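Heads up: the structure comes next, in structure tokens.
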Amino acid sequence: MFAPTTRVLIVDDMSTMRKIVGKTCKELGFSDLTEAADGTLAWEALQNAPAPIGLIISDWNMPNCTGIDLLKRVRADSRFKGVPFILVTAEAEQHQVIEAVKAGVDQYVVKPFTKDDLKTKLESVYKKYAKS
Amino acid sequence: MQSPSVFNIVVFGTQSEFDLTKVLPEGSVIQNVNYDIDKLAEGEVPPGELVICFPPSDKSISMLELAQLLRMGYPSSLIFYLVLRREDFEKKRIIKNGFDNAFLLPWESSELQQSLGEAALYSRLPELKDYAPVKVLDLVAEKVLDFGTKVYLPVNNKLVTIGRSGEPLSGDKLRMLNEGSYGTVFVHKSELSNFHDYTKKVLSEMGQIQSETERQEKMRVAVRELVSDLFVDDVQENTFGKSKAIVEELSKTVSAMMKEQYPVIMKKMESLLNEEYSFYRHLSNVSTYAMIFSMAMGLEKPQEVAVAGVLHDVGKTALPLEVANTEESQMSPHALEAYHKHPQLTIDVIKMKRVPLHERITKAILQHHERCDGSGYPAGLNGSRICVEAKILAIADEFDYLTTLKPGQTKMTPKDALDHMIKENGANPVVMKLDVNILVTLREVLIEGKLTKKEDKNAKQSPF
């Protein structure tokens, strides 16, 4: 199913949210988790990571650097080519989803999500990247 | 006989101001749980088909996080957010944050009760998901229906066929359904388009644009939205637009009604009389009655009185909780003093939202509790100084009270309600509270069918 050794970066300004996403990831087989409280800190974590990050799960609305800006930065940087990016956010307006898709997001999860919601989206991302 | 399965409701958060047991459906069991964020995050929650949350006292957790935590523990249950303070209530935002519904108490206790009842019903009878509720009022006797109808019997917890497709529903059956307050019958979803075609056909034959129940539902939803908008902190430019839209909606329907004689109109209004009291129904009903009464009195701008009707009690939601929860007859002098401020509070709320209202409307709202003998509030004005719009509003208010179903009370027909008010106020003009001249005119025009003075002169002109 999932590669349990994949290093996951969880980005959200709410600590409870990071806890929830982390817990769900653990239940789905990921054991190597790291967190950041906003897009800027996430960018630092990406660059200074002792081991390469294999999956980014990020919120949209955060101070300093939003999730969509983080996504654009990641997609613009060849060092992080091929890293799956999932947005987990309460924002669900059509124009926002379109913007995220255009910016290269792999999956879009709307808060509040159930465990199954996240699991299904993670699985589809995994399948997509497993093919390539 | 199968007894209905238990409906488990889990209630998060403690409060002592609202008695939930008053609105719980039969056969439901509630379990009160304190908020424990860690336990919630771990998913250690008691099972339940429905979850009710009161705002947590720990303000550090956002509503979005709360919704997320609860959704993890209850992936397929309904989650309702209940607030007791107007400041906490912004329905759209609450629902956007991931709750299934939000209710402001005590004002929306009827709506809460109805939602809980529906949830319990659908939970204990899963086959209901294949059926759609349809109002009995929209069915006409002795017409062949090309759809089946079923009624829910709570005692047996079963859906029972009441009418078969291809057969007409007899007048007796319909009467029985109406009297047994079965208000709703169920039509199989596969036959729903047949029902809609039938309604359209029947309505076009009766010269109506939409069914009375649809119109009422639309009105009530619009009123509820309008009142909710008045709670939101940022100014909504289109709040007046909404109240105007409500009145235009009302105007269209009343215009259509006006093609008939007043007594026929009153008969149609009986559909308003079969339901239980609710804050929004009251606002909506009073608005409807105020408009019809104003037309009957030959007023030039009946829609203004209708707008006053929609807004007239909005200020009550700004009352302190202890006052809101007490019956007027049981209030202490201190509470009464606060309660008597609600007309002014209504004006304040509206002014704060910068809703532009004609002076006639604000006066009507401010004066609707004034009484002709000077015993009213806030100013204790006597009859000659109370504007006619306020007098009509006061009568519409009392009329709705008398004609609405309330527990332990018989409701009156429109004729009986008017007769009752005339009797109570007609003995001595010095001590009359409601204007008996207006009441007598209303009775003549609405019940006996006499024409208004205006209609005598220009029979073809629409009041709009």
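Derivation of every value follows stated rules applied to the coordinates shown; laboratory data play no part. Bear in mind the structure is a predicted one, so any value in this text is a computation, not a measurement. In this analysis, Cβ positions are derived from the backbone assuming ideal geometry, glycine residues included, and neighbour counts consider all displayed protein chains.
See the values below:
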read-out	value
GluC sites (Glu not before Pro) restricted to DSSP loop in the range B:1-66 with at most 11 other C-beta within 10 Å	B:GLU26, B:GLU44
Residue-averaged 222 nm ellipticity for chain A, from DSSP H runs of 4+ at -39500 (n - 2.57), nearest 500	-14000 deg cm²/dmol
Mean projection area, nm², convex hull over Cα of the range B:7-123	6.6
The range A:1-52 and the range B:366-380: distance between their alpha carbon centers, rounded to Å	66
Burial ordering of B:THR441, A:THR120, B:THR161, B:THR288, fewest other beta-carbon atoms within 10 Å first	B:THR161, A:THR120, B:THR441, B:THR288
Span from the the range B:386-444 Cα centroid across to the the range B:308-355 one, whole angstrom	22
Gain in span if fully extended, A:ASP32 to A:SER15, counting 0.36 nm per residue against the direct Cα distance	4.4 nm
Order of B:ILE61, B:ILE361 - criterion: other Cβ atoms within 10 Å of each residue's Cβ, fewest first	B:ILE61, B:ILE361
Proxy reagent accessibility, fewest Cβ within 10 Å first, across B:HIS368, B:HIS358, B:HIS282, B:HIS340	B:HIS358, B:HIS340, B:HIS282, B:HIS368
Two-site FRET efficiency, B:GLU337 against A:PHE80, from Cβ-Cβ distance with R₀ of 60 Å, rounded to 0.05	0.35
For B:GLU370, distant residues with modelled amide H under 5 Å away	B:TYR377
Rg/Rh (Cα only; Kirkwood hydrodynamic radius) as it applies to the protein assembly as shown	1.04
Rg/Rg_ref, the range B:275-417, where Rg_ref = 2.2 N^0.38 Å and atoms are Cα	1.02
Shape of the range A:14-118, Cα gyration tensor, a/c cut at 1.5	rounded
Percent of Cα-Cα distances greater than 14 Å, calculated over the range B:282-336	60
B:ILE95-A:GLN94 FRET efficiency (beta carbon distance; Förster radius 22 Å; 0.05 resolution)	0.80
Whole-angstrom gap from the range B:130-147 to the range B:150-176, using each part's C-alpha centre	10
The range B:216-225 - phi-based ³J(HN,Hα) in whole Hz, Karplus 6.51/-1.76/1.60, Gly and Pro as x	4, 4, 4, 4, 5, 5, 5, 5, 4, 5
Isotropically averaged projected area of chain B, using the convex hull of Cα atoms (one quarter of hull area), nm²	24.2
Hydrodynamic radius by Kirkwood, which averages 1/r over all alpha carbon pairs of the range B:126-204, in angstrom	12.6
